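Rule-based calculations on the coordinates, nothing more; no lab input. The structure presented is a predicted model; accordingly, all values stated were derived computationally and were not measured. As a convention, Cβ positions derive from the backbone with ideal geometry for all residues, glycine included, and neighbour counts pool all protein chains shown.
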Amino acid sequence: MSLLWRSQALAGAMNGRPVGAMPEGVTGISIDTRTLKPGDAFFAIKGDRFDGHDFATAALKAGAGLLVVAESRLPALGRITAPMIVVPDVMVALEAVGVAARARAKAKIIGVTGSVGKTTTKEALRCALGAVGSVHASPQSFNNHWGVPLTLARMPEDCDYAVFEIGMSNPGEIRQLVKYVRPHIALITAIAPAHLGAFKSIEDIARAKAEIFEGLEPGGHALINRDDRQWKLLDKAARDLGVEHIWSFGEHARATFRLAGCQLGGESSRIVVKMAGQELSLTVGAPGRHMVQNVLAVLGAAYLAGADVTKAAPALAQFEAERGRGRRYALGHPAGGEIVVIDESYNANPVSMKAALDLLGTASVPPGAAG
């Protein structure tokens with residue numbers, strides 16, 4: 001397996017102090033011993049409930065190549081003789097590695113935020129762009145203060161595209177995270193009444209989401225949902241920040257990436273998209289009107305990233321809903337036939353639940369199956 005980071009470069013990125021005989025490098029970065037793979041560097045982050053330093057021995061048993069630990073905890077790790085990089089603060093060190101990974105990257109970087117559809121759009125981008133190049137993206141919804149730096153730190157130097165999901169619960173959070181990501185394309189999926197406890201209005205939510213435009217690379221692109229009620233606010237926010245390239249997706253007649261035809265099915269959808277002077281017909285493997293909207297954003301982002309959309313679009317026929325976001329399971333019943341389970345367990349806001357119920361209303365149930 002190729003090295004993700006050479007030890008010297010890793011220590012240099014975080015201005016850390018190597019202790020012990022360093023390996024040539026590490027093949028990955030982990031903050032969780034349950035998912036750590038042999039050869040990973042284990043960052044002993046202190047969270048709200050657990051301190052990673054308490055799991056240093058477990059990390060080594062799982063095959064960690066080296067540990068990244070805090071200077072203040074070093075005395076408690078005195079019996080450990082494994083190679084370590086010692087830093088003042090492990091979370092700050094992870095952020096620094098993420099910044100270094102972004103600085104060395106040659107990839108086209110796409111940042112995705114929104115009240116709904118972030119993870120689905122990220123995964124659909126992974127699917128579509130994977131047909132035309134190598135793609136880096138987090139395996140889960142790693143979109144917060146530790147998830148974004150972790151995903152950055154794991155980014156291979158030679159990938160072609162990288163997709164980062166950026167979330168928030170309060171104003172200002174996206175502003176900080178997008179400084180690390182520095183996307184070439186900033187995509188907002190939709191604005192909905194999520195996290196209203198921290199905001200006075202849905203307009204305030206839109207303003208907070210628009211913070212993603214603050215981190216755009218010079219000459220970068222803003223991509224906004226033209227069908228969203230907050231489109232004008234988002235468009236103005238991008239223009240006020242000096243963003244020159246503003247694009248849109250949706251059914252609206254003036255959308256840059258426009259839905260021109262749609263046939264929804266119980267298992268997939270067939271759509272026609274007008275974009276860049278051409279018309280694309282494609283199949284979306286995951287069912288639901290909300291999935292179609294996400295795919296419009298995906299095609300727009302892929303185009304702006306310089307990908308060949310005529311090759312990327314067909315890959316979306318193989319795309320399926322994520323666990324907790326509409327994935328379907330057929331389970332055998334002891335009395336014969338099947339039970340069809342639609343897993344929408346992740347959704348927790350009104351817009352997502354409405355989309356889930358709308359999809360349920362169109363679901364086709366095979367003969368002999370129970371829904």
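Determine the dipole magnitude for the chain: charges of +1 sit on the beta-carbon of Lys and Arg, -1 on that of Asp and Glu, nothing else is charged, the reference point is the Cα centre, and the result goes in debye to the nearest 20. Walk me through the numbers on the way to the answer.
Details: 39 positive and 35 negative charges, 36 e Å.
So the dipole magnitude of the chain works out to roughly 180 debye.
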Running a GNM on the chain with Cα contacts under 10 Å, which residue among GLU217, GLU71, GLU123 ends up with the highest mean-square fluctuation? GLU71
Across the range 5-88, what fraction of all alpha-carbon pairs, as a whole percent, falls in each successive 10 Å bin from zero upward? 20, 57, 22, 0
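Charges at C-beta only: +1 for Lys and Arg, -1 for Asp and Glu. How large is the resulting dipole of the range 105-318 about its Cα centre, in Debye rounded to 20? Don't skip to the end; give the middle numbers.
Numbers: 23 positive and 20 negative charges, 49 e Å.
Dipole of the range 105-318, to the nearest 20 debye: 240 debye.
Before anything else, pin down the relative contact order of the range 232-311: Cα pairs under 8 Å, at least 6 apart, normalised by residue count, whole percent. The partial results should precede the final answer.
On the way: 109 pairs, mean separation 16.4, N = 80.
In percent, rounded to a whole number, it is 20.
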Give the percent of DSSP beta bridges with both residues in the chain that are antiparallel, rounded to the nearest 5. 40 percent
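Indicate, rounded to the nearest 5 percent, the antiparallel portion of the DSSP beta bridges found entirely in the range 5-88. If you can, show how the numbers build up before the last one.
On the way: 6 of 16 bridges.
Bridges in the range 5-88 are about 40 percent antiparallel.
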q = 0.07, 0.08, 0.09, 0.12 Å⁻¹: log10 I(q)/I(0) that the Debye formula gives for the chain, counting C-alpha atoms only: -0.35, -0.45, -0.56, -0.93
Ranked from highest to lowest mean number of other Cβ atoms within 10 Å per residue, what is the order of the peptides 127-134, 204-211? 204-211, 127-134
Over the chain, what is the relative contact order in whole percent, taking alpha-carbon pairs under 8 Å and six or more residues apart? 12 percent
As a test of the formula, what do you get for the chain when each DSSP H run with n ≥ 4 contributes -39,500 (n - 2.57) and the sum is divided by the residue count, at 222 nm and rounded to the nearest 500 deg cm²/dmol? -8500 deg cm²/dmol
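Using the 10 angstrom Cβ neighbour count as an exposure proxy, how do ILE202, ILE224, ILE166 rank, fewest first?
Values: ILE202 17, ILE224 33, ILE166 28.
Ordered from fewest to most neighbouring Cβ atoms within 10 Å, ILE202, ILE224, ILE166 come out as ILE202, ILE166, ILE224.
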Check: the range 210-296 dipole with +1 on Lys, Arg Cβ and -1 on Asp, Glu Cβ, in debye: 380 debye
Please state the relative contact order of the range 5-88 as a whole percent: Cα pairs under 8 Å, 6+ residues apart? 31 percent
